[in-house]
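The values are calculated or read from the model by the stated rules, or taken from the named source; none is laboratory data. These numbers were taken from a predicted model, which means no experiment stands behind them. Note that we place each Cβ from the backbone using ideal geometry, even for glycine, and neighbour counts take in every protein chain shown. Accessible surface is based on the protein model in full, side chains and every heavy atom, while ligands, DNA and RNA are left aside. Shrake-Rupley method; radii C 1.70, N 1.55, O 1.52, S 1.80 Å.
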Amino acid sequence: MKIVIVGDGKVGSALAVQLSKEGHDIVIIDSDKLALQESEQSLDVNVVQGNGATLKAQKQANVDSCDLLIAATSADEINLLCCILARKLGCTHTIARVRNPEYFAQLHLLKDEIGLSMAINPERATANEIFRLLQFPSFLKRDAFAKGRVEIVELVLKGDSPLCGARLLDLYKIVKVKVLVCAVKRGAQVFIPDGSFTLLEGDRLYVTASTSDLAKLIRSLGVSQKKVRDVLIVGGSRIAFYLAEDLIKAGVGVKLIEIDQDRCVRLAEDQPKATILHADGSDRYVLDSEGLAQTDAVVTLTDFDEQNLIISMYANFLGTYKVITKINRTEFNEVLNEKGIDCVVSPKDLCCNDIARYVRELGNRKGGSVLALHRLVEDQVEALEFLAGKQLPHLGEPLAQVALKPGTLIASITRKGKVIIPSGADCIEPDDTVVVISPAARGLNDLASIFWEER
């Protein structure tokens, strides 16, 4: 597909990398000449220097003949204007990044007039992700499918776990819950395992389970189930605003430290039930005096990765039960894991995943709509949710009799609201939602392509 990206910042450049890898023709519009030169040299993309909200720049980028325009500049108003203009020129699909809570809340009223196909709010998505992690703090990551009925969770296998040394064939006998280990990271190696795979201490497991069974899984594994009752948030960003709102509604105590006085005032007005402190959250004395060591969870949301990392490392040193770190530069995740920074969220990555899913859906030609896409194991594995169409090959056939492509795993099937963790006797029926695990390099667009012999 032909895709125009307006804005070559963190989100725009990450999208260009991902979408160009998937074989799309990319054009980037930005006013920053140096940023464009870097993208042009490092990626197989075309660039246009200029204001993406002007007719001149969009015509130069051939927006009139492109399949999709993504507006990802730092200004919401510019993004919306880009999309309006693109639709006037004849672009079929447009996506805008809209970060302002007030704008985002009213977009549903204006979506048709503006002609938006999709609006993304990385800050809202990140707050949602953090809130869900705090609900089950034993997990390092949670990805939802089937309208929240199915989840893939990440956890580290401790030395005292009953799963150490166990084969996956024996998993149900041990945990007494129907779950599926869909991926394992062991050192630098990544596995999409079969039943003969043996688990070892230190493995990072990605486990598929119905949401209703997550608590049972934790109990079966003997994992600590301490409930988070109070949270210290460092950094008063938009993410902090959304997160504080969600936590307060859930009855969780919130203390927020922000160095900018004006932002503190606004937060205090918007979130009167939270304790807002005007201080430097990276100052050890401030953290100690505000009871970091006694706090159930700390979430670092400053604008600087370095500060977030240092604060998180100190919280881990003090033994804080749950530490969540916001990171923009995720290319160093492996190093961070080795240093104990293992629960990381990235607004940029969440945003890119949502857009990549939408692009895959546009490119679908064989049936089996892409409903969700999540990347696992540091982007090496993908979990995709598909809607099974009536023309899908092998409908009604037991999975034991169906040949899947190597490295492909069917993690769950949801049928009329019922979650099935599949065995060889189960099958796919029309209108099922199916979660598939596959190597990220494969870039699945449709459900039919998981089969070894496509019809």
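Would you check if residue 68 is of a type in the set (A, V, I, L, M) and free of Cβ contacts under 8 Å to residues at least 60 places away in the same chain?
It is false that residue 68 is of a type in the set (A, V, I, L, M) and free of Cβ contacts under 8 Å to residues at least 60 places away in the same chain.
Would you please name the residue that is modelled with the lowest pLDDT, looking only at residues in segment 188-232 that are of a type in the set (Lys, Arg) and under 23 Å from residue 298 (Cα atoms)?
Within segment 188-232, the match that is modelled with the lowest pLDDT is 226.
Pairs under 9 Å by beta carbon, first residue among the basic types (Lys, Arg) in segment 425-453, partner open to solvent by 10 Å² or more (accessible area, probe 1.4 Å) and part of a loop (DSSP other than H, G, I, E, B), six or more apart or different chains?
Correct list of pairs: 442/405; 442/407; 442/408.
Say whether the condition of being open to solvent by less than 40 Å² (accessible area, probe 1.4 Å), in contact (Cβ under 8 Å) with a residue 24 or more places away in the chain and among the charged types (D, E, K, R) is met by at least one residue in segment 161-181.
No: zero hits.
Condition check: open to solvent by 10 Å² or more (accessible area, probe 1.4 Å) and farther than 25 Å from residue 10 by Cα. Does residue 307 satisfy that?
It is false that residue 307 is open to solvent by 10 Å² or more (accessible area, probe 1.4 Å) and farther than 25 Å from residue 10 by Cα.
Condition first: of a type in the set (A, V, I, L, M, F, W, C) and surrounded by fewer than 22 Cβ atoms within 10 Å (Cβ to Cβ). Now tell me which residues in segment 242-253 satisfy that.
Across segment 242-253, the qualifying residues are 248, 250, 252.
To keep it simple, each residue is scored yes or no on (1) open to solvent by 40 Å² or more (accessible area, probe 1.4 Å); (2) free of Cβ contacts under 8 Å to residues at least 24 places away in the same chain.
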residue	(1), (2)
88	yes, yes
96	no, no
103	yes, no
113	yes, yes
140	no, no
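Picking from 51, 79, which residue would you name as being closer than 15 Å to residue 28 by Cβ, open to solvent by 60 Å² or more (accessible area, probe 1.4 Å) and among the polar types (S, T, N, Q)?
Working: 79 fails: open to solvent by 60 Å² or more (accessible area, probe 1.4 Å).
Only one candidate passes the filter, namely 51.
Do you know which residues across segment 390-420 are under 23 Å from residue 357 (Cα atoms), touching a residue at least 40 places away in the same chain (Cβ under 8 Å) and among the β-branched types (Val, Ile, Thr)?
Those that are under 23 Å from residue 357 (Cα atoms), touching a residue at least 40 places away in the same chain (Cβ under 8 Å) and among the β-branched types (Val, Ile, Thr): 408, 410, 414, 419.
Residue under question is residue 207, and the condition is that it be free of Cβ contacts under 8 Å to residues at least 60 places away in the same chain and crowded, with 22+ Cβ neighbours inside 10 Å; does it hold? Break it down into steps so the answer makes sense when it comes.
Numbers: free of Cβ contacts under 8 Å to residues at least 60 places away in the same chain: yes; crowded, with 22+ Cβ neighbours inside 10 Å: yes.
The answer is yes for residue 207.
Please pick out the residue among 270, 260, 230 that is open to solvent by less than 60 Å² (accessible area, probe 1.4 Å), of a type in the set (D, E, K, R) and touching a residue at least 24 places away in the same chain (Cβ under 8 Å).
230 is the lone residue from the list that is open to solvent by less than 60 Å² (accessible area, probe 1.4 Å), of a type in the set (D, E, K, R) and touching a residue at least 24 places away in the same chain (Cβ under 8 Å).
Identify all residues within segment 291-329 that are assigned to a helix (DSSP H, G or I) and among the polar types (S, T, N, Q); write none if there are none.
Let us first name the residues in segment 291-329 that are assigned to a helix (DSSP H, G or I), namely 292-294, 305-318.
Selection gives 294, 307, 308, 312, 316.
For residue 311, which of the numbered conditions (1) free of Cβ contacts under 8 Å to residues at least 60 places away in the same chain; (2) among the hydrophobic types (A, V, I, L, M, F, W, C); (3) closer than 22 Å to residue 263 by Cβ; (4) in contact with a strand residue (DSSP E or B) (Cβ under 7 Å, 6 or more places away or on another chain) fails to hold?
(1)
For segment 33-42, does any single residue satisfy the condition of being open to solvent by 40 Å² or more (accessible area, probe 1.4 Å), touching a strand residue (DSSP E or B) at 6+ places or on another chain (Cβ under 8 Å) and of a type in the set (D, E, K, R)?
Scanning segment 33-42, I find at least one residue that is open to solvent by 40 Å² or more (accessible area, probe 1.4 Å), touching a strand residue (DSSP E or B) at 6+ places or on another chain (Cβ under 8 Å) and of a type in the set (D, E, K, R), so the answer is yes.
Before we move on, is residue 108 open to solvent by 40 Å² or more (accessible area, probe 1.4 Å), at pLDDT below 90 and either out of contact with any helix residue (DSSP H, G or I) (no Cβ under 6 Å at 6 or more places or on another chain) or polar (S, T, N, Q) (or both)?
yes
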